[in-house]
Each structure stands twice: as C-alpha cells, then as structure tokens.
Amino acid sequence: MLNLVYLVLSLLNIYSFVIFIYVLLSWLPTKTGILSEIDTFLGKICEPYLKIFRKFIPSIGGMVDISPIVALLVLQLVARLIVSIF
C-alpha cells in the first residue's frame, strides 16, 4: 500500500512539473521547430486539467491567466491530503 501511495505522489509531482514547464513555454514564441512540438505535446497533457479551472477563473485584464497557479495548488493540496491520510 505504501508503494502505491509513493507512486501516486510521484506522479502528482511529475504532473506539477509538466504543468510548470508548459506554462513557461507559453511565454516563448513557439511557432515552429522542436519547441512547437514540445508545446503541442504538453498541451495535450495539461489542457484537459487546466480547462477545469479556466471555466471558473477568468483571466485578469484579459491577459493574465492564473488558472495554472490554482491548478498547481490543488495538486499540492491533494498530495498533502494523501500524505496525511496514509
């Protein structure tokens, strides 16, 4: 059981890191090349989760999207909840 908890926590941490990298890449111009391919791949992984938060959290001034921050906080809260339960 402890191995399963460790696996879930590791996956949550990896997913948090992937979201962080995806957000950083959104600041770069990625029209062509390998960055574009990486951005597309990470978008397929991150966007379904981020869309949940974008439904409820509007952009600030139409430009600044804080939904990734909230999404990362929720992932960390879930991880802490798992640790406190087990």
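In this structure the chain gives 74 Å² per residue of accessible area when probed at 1.4 Å with all protein chains present.
Among the trypsin sites (Lys or Arg not before Pro) found in the range 14-57, those both in a DSSP coil and sparsely packed, with 13 or fewer other Cβ atoms within 10 Å of their Cβ, are 31, 55. Mind sorting out which of (1) 45, 31, 16; (2) 38, 21, 18; (3) 39, 34, 24 is the real Cα extents along the principal axes in Å computed from the coordinates? Computing Cα extents along the principal axes in Å and matching it to (1) 45, 31, 16; (2) 38, 21, 18; (3) 39, 34, 24 gives (1).
Taking the C-alpha atoms only, the angle from helix 67-85 to the longest principal axis of the chain is near 10 degrees. Per atom type, the chain shows carbon and sulfur on 74% of its accessible surface, probed at 1.4 Å. Counting Lys and Arg as +1 and Asp and Glu as -1 over every other residue whose Cβ lies under 14 Å from the Cβ of residue 40, the net charge comes to -1.
In this rough spin-label picture, where each label sits 7 Å from Cα along the Cβ direction, the residue 41-residue 21 distance is 0.8 nm.
Multiplying the residue separation of residue 30 and residue 70 by 0.36 nm and removing their Cα-Cα distance gives an extension gain of 12.0 nm. Calculated [222 nm] ellipticity per residue, helices only, for the chain: -26500 deg cm²/dmol; basis is -39500 (n - 2.57) per DSSP H run with n ≥ 4, divided by all residues, nearest 500.
Shown in residue order for the range 41-54 are the 3J(HN,Hα) couplings computed by the Karplus curve 6.51 cos²θ - 1.76 cosθ + 1.60 at θ = phi - 60°: 4, 5, x, 5, 7, 8, 4, x, 6, 5, 4, 4, 7, 5 Hz (x for Gly and Pro).
With K and R counted +1 and D and E -1, the other residues having a Cβ less than 14 Å from that of residue 57 yield a net charge of +2. A simple spin-label model places the labels of residue 81 and residue 8 1.0 nm from each other, with each point 7 Å out along Cα-to-Cβ.
The values are calculated or read from the model by the stated rules, or taken from the named source; none is laboratory data. Nothing here was measured: the structure is a model prediction, and the numbers come from that model. Every residue, glycine as well, gets a Cβ built from its backbone with ideal geometry; the counts of neighbours run over all protein chains shown. Heads up: the accessible areas ignore ligands, DNA and RNA and are worked out on the full protein's heavy atoms, side chains in. Shrake-Rupley method; radii C 1.70, N 1.55, O 1.52, S 1.80 Å.
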